[in-house]
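The values are calculated or read from the model by the stated rules, or taken from the named source; none is laboratory data. Model, not experiment: these values are computed from the prediction. As a convention, Cβ positions derive from the backbone with ideal geometry for all residues, glycine included, and neighbour counts pool all protein chains shown.
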């Protein structure tokens with residue numbers, strides 16, 4: 001098991017899907033995918049528009065019925081015990097569920113009523129969550145006056161009224177400014193430290209890299225690859241070390257001394273293939289010292305999740321990975 005970014009990474013799966021299939025007419029949206037998500041972790045499902053991310057969320061949150069698959073959420077069979085699944089989960093969709101005609105506090109009270117909380121308990125939970133999400137000052141204002149970030153925070157606060165152990169966040173930061181996105185990331189991290197499992201879909205690859213313990217890339221209804229962010233990055237070639245020189249003579253010496261390089265005579269730069277490891281960097285530095293070559297600048301470049309995403313979702317994508325790194 002790879003080292004988890006989450007503080008509470010338990011063994012038992014919070015979500016298990018084997019052979020999940022869903023079609024709409026002749027269009028196959030999910031073509032027999034497998035997911036195994038440990039409790040107390042963040043799982044990110046990536047994919048281009050129309051890949052099936054939202055459909056997967058809708059199925060696992062009981063909003064849509066699967067055509068086939070053995071599905072368990074929080075230990076409950078999705079087909080035979082959907083009510084137990086609903087009691088264990090919370091869902092924040094792409095579009096806000098906040099009612100702008102009433103106040104933030106009234107939105108929270110409405111959710112408490114829907115969860116059949118006693119009136120006093122509902123008010124206590126409302127007060128605690130509004131304070132936790134820094135919405136106390138705006139609690140009595142119409143939600144229509146809230147900023148995008150405030151509405152998203154209220155949305156998640158409403159989701160937490162029922163104390164779910166698994167939360168589905170379907171593109172929760174779409175349209176938010178950078179500060180609001182970082183605030184939302186902090187909220188997600190805090191949730192996971194309490195043992196909550198977060199199933200995240202996002203189109204922001206830096207968001208998945210920052211938050212997710214495990215990532216799956218969905219393309220044309222299939223899981224193209226899955227694992228930790230670092231494991232996915234290692235699937236993609238193209239890592240290199242870049243040397244820049246300001247002295248043409250030193251540059252020419254380096255070009256002669258270092259083989260297997262790509263060079264730019266105009267920019268006086270050399271590019272050496274590398275996996276970015278400490279060993280590779282040390283080996284190159286030793287070669288430079290031995291040849292008495294002093295580069296003006298050295299930078300290490302490794303593939304990021306953008307490279308992974310484009311490689312896996314392009315027409316000439318990498319072969320599907322068979323190793324299940326999410327177990």
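A few points about this structure:
- Any hit, the range 175-188, residues being in contact with a strand residue (DSSP E or B) (Cβ under 9 Å, 6 or more places away or on another chain) and at pLDDT 90 or above: yes
- Filtered by the rule that a residue be over 17 Å from residue 247 (Cα atoms) and without any contact (Cβ under 8 Å) to a residue 40 or more places away in the chain, the range 276-293 gives 276, 277, 278, 279, 280, 282, 283, 285, 286, 287, 290.
- Some residue of the range 281-289 being outside the structural domain of residue 49 (by TED's automatic domain parsing), under 34 Å from the mean Cα position of the chain (by Cα), under 30 Å from residue 21 (Cα atoms) and surrounded by fewer than 19 Cβ atoms within 10 Å (Cβ to Cβ): no
- Odd one out for residue 129, checked against (1) closer than 24 Å to residue 181 by Cα; (2) part of a loop (DSSP other than H, G, I, E, B): (2)
- If you filter the range 80-101 down to residues that are free of Cβ contacts under 8 Å to residues at least 12 places away in the same chain and loosely packed, with under 14 Cβ neighbours inside 10 Å, you find that the one that is nearest to the chain's Cα centre (by Cα) is 95.
- In the range 102-115, the condition of being in a loop (DSSP other than H, G, I, E, B) and over 27 Å from the mean Cα position of the chain (by Cα) is met by at least one residue.
- The combined condition, being over 14 Å from residue 159 (Cα atoms) and crowded, with 20+ Cβ neighbours inside 10 Å, is not fulfilled by residue 129.
- A single entry from 205, 211, 191, 169 fulfils the requirement of being closer than 22 Å to residue 63 by Cα and in contact with a strand residue (DSSP E or B) (Cβ under 9 Å, 6 or more places away or on another chain): 169.
- Within the range 1-35, if we keep just the residues that are under 15 Å from the mean Cα position of the chain (by Cα) and closer than 21 Å to residue 74 by Cβ, the residue that is modelled with the highest pLDDT turns out to be 35.
- Residue within the range 257-269 that is part of a helix (DSSP H, G or I) and at pLDDT below 90 present: no
- The lone criterion from (1) modelled with pLDDT under 95; (2) more than 27 Å from residue 175 (Cα to Cα) left unmet by residue 245 is number (1).
- In the range 234-266, residue nearest to the chain's Cα centre (by Cα) [restricted to those that are free of Cβ contacts under 8 Å to residues at least 24 places away in the same chain and exposed (fewer than 12 other Cβ atoms within 10 Å of the Cβ)]: 262
- Residue count for the range 192-220, restricted to those that are closer than 7 Å to residue 43 by Cβ and over 12 Å from the mean Cα position of the chain (by Cα): 0
- Per this entry, residue 155 is not counted among residues that are more than 25 Å from residue 139 (Cβ to Cβ), assigned by TED's automatic domain parsing to the domain that holds residue 53 and part of a helix (DSSP H, G or I).
- Number of positions in the range 12-66 that are outside any strand (DSSP E or B) and surrounded by 22 or more Cβ atoms within 10 Å (Cβ to Cβ): 11
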